[in-house]
């Protein structure tokens, strides 16, 4: 039985008793009945204020809290009066599924007046949420909406997919998001490689020469010997040159050339003696330098370590009439 709009507000005062008699066996909880009564009263207040769509939503929520033919009938009546095709068609489907014979006239009226102005959209996706034009949308359930293009947003694992769907009168517009790819099975761990066969170890022995004592000076005594020999040769040549100068001078004096260079060959003897004197001076300077260098080498750069026989290296230089003689031992 459908309650007239004029009497619906009065009916709301006693709706708890009416709903109590029409709820199904699974919704007998007192909190649900109390919530349904509050929603029904809110719907009645909105209806009196002329807010028909708000009243339709409140009555429909009261029916969801505790199924009631009175609440569902009032909701469908308010949806038709609000000229809301999607809401009216949704409530008509609910009433037809409920099988309330008294609501058949209202269902037929809603389909006749509003059915050609609404269509259904169905979102299919796994483990996702969806919105249609920014409003939450149930997944895997056909939902009524207005005709024309709509923007569907599907969110899964933080990733948002946007689809534009065209809703028509006939059929159901489907928005589908393929399921995520199955995680690849982990590859089996490779078998451990066989341990390599032990190989024969070859001992490598390197001979280490003992380090010579003596401060690690860079030159061998042989260098000093060569330098000393060269110095001795220069010294011998210098002594010979000095003796040669003395002999030429004695001849020059014996020939009486000191008195006058014009006598005989005095001019030639003078030139020869002067050349010999110059040569001797050069040899003296060169020999002195060679002796200094040789001494520096022997003191600071030659390693005078012990010889292989265990005796220290030595050098002996002896002046002779014809020059110098030396004796070196290692």
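The table below gives the values:
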| quantity | calculated |
| --- | --- |
| Residue list for region 79-122, restricted to those being at positive phi and either in the same structural domain as residue 57 (by TED's automatic domain parsing) or in contact with a helix residue (DSSP H, G or I) (Cβ under 8 Å, 6 or more places away or on another chain) (or both) | 83 |
| Complete set of residues in region 279-304 that are in contact (Cβ under 8 Å) with a residue 60 or more places away in the chain and part of a helix (DSSP H, G or I) | 290, 291, 293, 294, 297, 298, 300, 301 |
| Out of 118, 46, 79, 58, sole residue that is touching a strand residue (DSSP E or B) at 6+ places or on another chain (Cβ under 6 Å) and modelled with pLDDT of 90 or more | 118 |
| Yes/no for residue 178 being assigned to a loop (DSSP other than H, G, I, E, B), loosely packed, with under 12 Cβ neighbours inside 10 Å and modelled with pLDDT of 75 or more | yes |
| Residue under evaluation residue 48, criteria (1) touching a residue at least 24 places away in the same chain (Cβ under 8 Å); (2) surrounded by fewer than 19 Cβ atoms within 10 Å (Cβ to Cβ); (3) under 27 Å from residue 132 (Cα atoms), criterion not met | (3) |
| Strands (runs of 3 or more DSSP E) fully within region 96-159 counting 2 or more residues that are under 49 Å from the mean Cα position of the chain (by Cα) | 118-124, 129-132, 135-137, 148-156 |
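The values are calculated or read from the model by the stated rules, or taken from the named source; none is laboratory data. Small disclaimer: the values here were computed from a predicted structure and weren't measured. Every residue, glycine among them, receives a Cβ derived from its backbone with ideal geometry; neighbour counts consider all protein chains shown.
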